[in-house]
Amino acid sequence: MNELKKLSVPYLLESADLNRDDIKIVFDKADFFMQNYKRGEKFSDLKGITVAMAFFEPSTRTKLSFDIAAKRLSADSISFASSTSSITKGESLIDTLHTIEAMGVEMYVVRHKNSGVPKFLQENTKGVILNAGDGKHAHPTQALLDSFTLYKHFGAVKGLKVCIVGDIMHSRVARSNIDMLKTLEADVKLCGPGTLLPRNINVWDCDIIENINDAIEWADVILVLRLQRERMESGILPSIEEFNRFYGVSLEQFSKKQDLVLMHPGPVNYGIELDYRIAPNKNCLIQTQVTHGVFIRMALLSLLGSDL
Amino acid sequence: MNELKKLSVPYLLESADLNRDDIKIVFDKADFFMQNYKRGEKFSDLKGITVAMAFFEPSTRTKLSFDIAAKRLSADSISFASSTSSITKGESLIDTLHTIEAMGVEMYVVRHKNSGVPKFLQENTKGVILNAGDGKHAHPTQALLDSFTLYKHFGAVKGLKVCIVGDIMHSRVARSNIDMLKTLEADVKLCGPGTLLPRNINVWDCDIIENINDAIEWADVILVLRLQRERMESGILPSIEEFNRFYGVSLEQFSKKQDLVLMHPGPVNYGIELDYRIAPNKNCLIQTQVTHGVFIRMALLSLLGSDL
Amino acid sequence: MNELKKLSVPYLLESADLNRDDIKIVFDKADFFMQNYKRGEKFSDLKGITVAMAFFEPSTRTKLSFDIAAKRLSADSISFASSTSSITKGESLIDTLHTIEAMGVEMYVVRHKNSGVPKFLQENTKGVILNAGDGKHAHPTQALLDSFTLYKHFGAVKGLKVCIVGDIMHSRVARSNIDMLKTLEADVKLCGPGTLLPRNINVWDCDIIENINDAIEWADVILVLRLQRERMESGILPSIEEFNRFYGVSLEQFSKKQDLVLMHPGPVNYGIELDYRIAPNKNCLIQTQVTHGVFIRMALLSLLGSDL
């Protein structure tokens with residue numbers, strides 16, 4: 001691969017940071033790592049580089065994925081699992097960043113419950129910020145790994161009909177996927193109960209499909225979102241049973257259309273948004289997404305970190 | 001050493017998984033590491049291999065021991081200290097395993113408060129499960145390091161008279177040691193208060209020695225178990241003082257027999273099951289057990305991990 | 001640099017452990033690391049050596065600094081963040097130390113809320129104890145990095161006029177700095193409210209400056225201490241506002257004297273002991289202290305660890 005290729009931005013805060021060329025560079029690099037990864041060997045792209053895993057919101061999957069990616073590139077990974085209590089004001093968050101920066105840390109993988117924190121940090125550091133999820137705003141590495149999974153499965157993303165199903169309104173995964181899929185010229189529609197759709201739906205510029213059966217009929221791909229438990233308990237939904245009946249995907253529905261592809265960012269609430277019996281199906285790409293996630297994060301860490 | 005030697009099982013769930021030849025292979029490998037370990041050097045047996053430390057029950061000693069063993073073999077070690085709250089059902093435990101597996105993790109060191117969890121996980125993964133203690137069921141690496149300590153001290157385990165003392169009923173250490181010592185043809189007896197002996201004692205096929213003095217008189221080795229604080233508080237024992245008087249080992253008792261060897265899996269409740277003044281004695285092998293533990297775990301990680 | 005130079009002590013418990021020659025050796029080694037540190041490379045001073053980070057009191061900055069230092073020297077770093085609940089008695093703390101030692105750990109970076117714990121541990125191990133802060137007693141690596149910062153800024157510490165400002169009485173940073181600065185023949189004075197000065201001030205053998213303006217007028221350097229929140233809430237101080245008015249440093253005061261240098265061990269309570277607008281000033285060396293901290297800790301780990 002051509003090592004001269006660089007991203008047009010020195011960080012990753014949201015899907016819109018990346019143009020089509022950038023996304024192609026990330027995909028090519030992820031592909032390179034996937035093809036050349038050998039058991040018992042390591043890449044040295046980030047040897048001697050310290051990456052801070054700054055997860056201010058609990059995370060198991062995304063943090064492990066970034067951690068494994070960093071280690072495969074020979075980076076030193078330090079964990080900065082601050083209790084939110086000690087760091088409450090933006091002011092002291094910046095102080096903490098500057099302190100860690102003064103220790104020689106150059107890359108920061110940041111998750112925070114407040115939208116905009118990664119951007120705020122990027123504006124105040126010479127280091128590299130990688131957004132690992134901020135509030136309801138963005139989760140760009142999830143969008144990248146989702147699109148990469150489609151790219152590997154279908155050969156191209158352009159023209160694919162993708163329907164995002166579930167709790168669109170509260171989902172940073174939905175937001176980041178819509179932006180990236182549009183950059184890649186997929187056709188994106190949304191399906192979910194009215195109370196879980198964004199209020200100013202025009203801003204999103206996506207058609208709504210009211211019925212899950214219609215969504216499946218239309219789509220090449222359904223991207224099912226996780227229903228957050230707090231949403232179920234907040235009174236926004238009449239009941240879980242009703243959500244499952246109208247927007248959950250059953251094996252019967254999934255099997256009706258032979259080449260239909262199903263994705264989910266995980267962890268899945270089986271029995272709520274998804275029938276457990278769908279999991280082993282070869283077109284259910286949930287495990288593949290996870291595997292691709294590590295290679296996408298290796299690609300980003302390498303591209304953003306290797307010539308700071 | 002002959003590198004072609006392999007274990008007859010691709011995992012370690014309980015002592016009974018290993019036959020005499022397997023145990024010999026593990027001991028030889030541990031011996032090899034012990035002889036060839038040099039300060040400032042590392043073995044590369046697990047270079048580029050990711051080992052997940054999945055401790056669902058708190059642990060300091062066993063976790064550190066495995067972690068140090070993994071690092072000495074150049075493995076990448078990731079910690080998966082999930083709160084038991086987020087992973088409550090077997091179903092989601094499997095999902096979590098599959099997710100981590102999809103990230104490229106190949107080995108799992110598992111501790112769980114429920115008996116059978118490691119077996120359940122092994123049945124659902126292509127990776128390697130190493131049981132680091134499950135409920136009251138098994139703790140096979142403890143049994144291996146205990147037998148290895150006897151092997152190094154006496155030259156052989158066969159024919160040794162070993163008495164296990166204390167809370168037999170609730171102890172996975174006792175269970176795993178009985179099985180392994182029998183495989184190695186040691187003569188095993190048990191000593192403890194009636195309320196802390198297993199109910200169907202026939203199943204264990206071990207004689208009971210009622211009195212600690214008789215146990216010491218009979219044994220070459222006494223393996224004293226830790227008295228769990230929760231047992232003391234549960235009403236099973238009339239009082240700690242009484243337990244100490246009848247089943248605790250005093251310096252006077254220990255000193256009566258010159259070559260008597262004492263082992264304990266740690267951490268010791270000094271003053272309860274053991275007199276503090278015994279610790280410095282050369283036949284008190286508690287520290288040696290800990291040292292051997294690292295080499296035994298290196299041996300297992302290397303044997304089970306190097307040709308997955 | 002001359003690799004034969006060694007410290008006169010095999011551990012670091014307090015500033016008084018180091019004589020002037022020792023301090024010079026540490027500074028030279030830190031300087032060496034600072035000059036020779038190259039992005040993407042590692043030193044191998046502690047390859048294959050396991051360093052235990054034993055922080056029994058919460059710490060983010062000091063722990064990260066030691067952790068990064070250890071990793072840059074290729075050490076294996078294990079974290080031993082025990083809850084204080086499980087280790088309550090000195091007796092069992094020693095048992096824990098001996099257990100970790102038996103696993104092959106050779107160096108221990110220790111923070112504990114009780115003064116004297118590092119000394120107690122050093123007396124009971126063949127390994128190396130590095131005090132990372134114990135109670136109100138000592139924080140010698142902070143004193144070393146502070147003096148190193150002065151040495152790099154002024155070219156020498158001897159003869160410098162240093163005023164330590166704030167909560168002297170409760171501060172291990174103050175104690176360790178006073179001792180080290182005196183060894184290096186700086187002129188040290190103290191400034192703070194009477195309730196936050198040590199009772200037997202004669203023992204400290206330092207003059208008191210009552211007024212912050214007089215302190216600034218006299219000093220080449222003011223070392224401002226963090227005001228612990230628990231002090232504010234304990235009734236020792238009438239109010240935060242009053243502390244800030246009489247002992248906080250404002251931009252106006254700081255700007256009055258062109259070459260005045262300001263240091264602070266961090267984290268700063270901006271608005272209480274320090275005006276936020278001082279931070280960007282080139283003579284405010286807070287970030288520099290943090291950067292030097294990593295190199296000082298690399299120097300200590302290397303000097304104390306490389307020929308155990």
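The values are calculated or read from the model by the stated rules, or taken from the named source; none is laboratory data. Fair warning: this is a prediction, and the values are worked out from it, not measured in the lab. Heads up, the Cβs are rebuilt from the backbone with ideal geometry, glycines too, and the neighbour counts pull from every protein chain shown. Note: areas computed on protein heavy atoms with side chains; ligands, DNA, RNA excluded. Shrake-Rupley method; radii C 1.70, N 1.55, O 1.52, S 1.80 Å.
Cα axis of helix B:286-305 to longest principal axis of chain B: angle in degrees, 0 to 90, nearest 10? Its long axis makes an angle of about 30 degrees.
Remark: the protein assembly as shown projects, on average over all directions, an area of 42.4 nm² (convex hull of Cα atoms). For the protein assembly as shown, the antiparallel share of DSSP beta bridges with both residues in that region comes to about 5%.
So which aspartates and glutamates can A:LYS126 reach, going by Cα to Cα under 15 Å and dropping same-chain residues fewer than 8 places off? Answer for A:LYS126, where 15 Å is the Cα cut-off: A:ASP95, A:GLU101, A:GLU106, A:ASP307, listed by chain and number.
Please work out the C-alpha center-to-center distance from the range C:14-87 to the range A:153-181 and express it in whole Å. Their Cα centres are 46 Å away from one another.
To the nearest 0.05, what FRET efficiency results for B:LYS152 and A:LYS6 with a Förster distance of 56 Å applied to their C-beta separation?
On the way: r = 57 Å, r/R0 = 1.03.
My answer for the efficiency is 0.45.
Amide hydrogen proximity for B:LYS189: with H placed 1.01 Å from N in the peptide plane, the residues at 5 or more positions away or on another chain lying under 5 Å are B:VAL162, B:CYS163, B:ILE164. Here the alpha carbons of the range B:140-289 define both size measures, Rg and Dmax, at 14.0, 42 Å.
Per-residue SASA remark: B:ASP21, around 110 Å² accessible (1.4 Å probe; ligands, DNA and RNA not included).
Computed from phi, the 3J(HN,Hα) profile of the range C:24-37 under the Karplus parametrisation 6.51, -1.76, 1.60 (θ = phi - 60°) reads 4, 4, 5, 4, 4, 5, 4, 4, 4, 5, 5, 6, 9, 5 Hz, with x in place of Gly and Pro. Based on alpha carbons, the Rg and Dmax found for the range C:149-237 are 13.0, 42 Å. Shown here are the Rg and Dmax of the Cα trace of the range A:269-308, at 15.5, 46 Å. Here the spin labels are modelled as points 7 Å beyond Cα on the Cα-Cβ line, and at A:LYS161 and C:THR195 they lie 7.5 nm apart.
Going by accessible area, probe 1.4 Å, with all protein chains left in place, what is the ranking of A:GLU217, C:GLU106, C:GLU242, largest first? Mind dumping the intermediate values first?
Working: A:GLU217 145, C:GLU106 40, C:GLU242 75 Å².
Result, largest first: A:GLU217, C:GLU242, C:GLU106.
The HN-Hα couplings worked out from phi for the range B:117-123 by the Karplus form 6.51 cos²θ - 1.76 cosθ + 1.60 (θ = phi - 60°) are 4, x, 4, 4, 5, 4, 5 Hz, whole numbers, x standing for Gly and Pro. Summarising the amide proton neighbourhood of A:ARG111: residues at separation of 5 or more, or on other chains, whose placed amide H is nearer than 5 Å comprise A:ALA54, A:PHE55, A:PHE56, A:GLU57, A:ALA132. Rounded to the nearest Hz, the phi-derived 3J(HN,Hα) couplings of the range A:62-68 under the Karplus curve 6.51 cos²θ - 1.76 cosθ + 1.60 (θ = phi - 60°) are 5, 5, 4, 4, 5, 5, 5, where x marks glycine and proline.
If you take the beta carbon distance between C:SER239 and C:ARG20 as r and set R0 to 30 Å, what does 1/(1 + (r/R0)^6) give as a FRET efficiency, to the nearest 0.05? Present the calculation step by step, with values, prior to reporting the outcome.
On the way: r = 43 Å, r/R0 = 1.42.
In this case the efficiency is close to 0.10.
Sorted largest first by accessible area at a 1.4 angstrom probe radius, with every protein chain in place, the residues C:TYR276, C:TYR247 fall in the order C:TYR276, C:TYR247.
Computed from the C-beta positions of A:TYR276 and A:LYS38 and an R0 of 22 Å, the FRET efficiency is 0.05 to the nearest 0.05.
Counting only Cα atoms, chain C measures 54, 44, 35 Å along its principal axes, largest extent leading. Put a dot 7 Å past the Cα of C:GLU230, heading toward its Cβ, do the same for A:ASN211, and the two dots end up 6.6 nm apart. For the set C:ARG199, A:ARG175, C:ARG72, solvent exposure ranked by accessible area (probe 1.4 Å, protein chains only) runs largest to smallest as C:ARG199, A:ARG175, C:ARG72.
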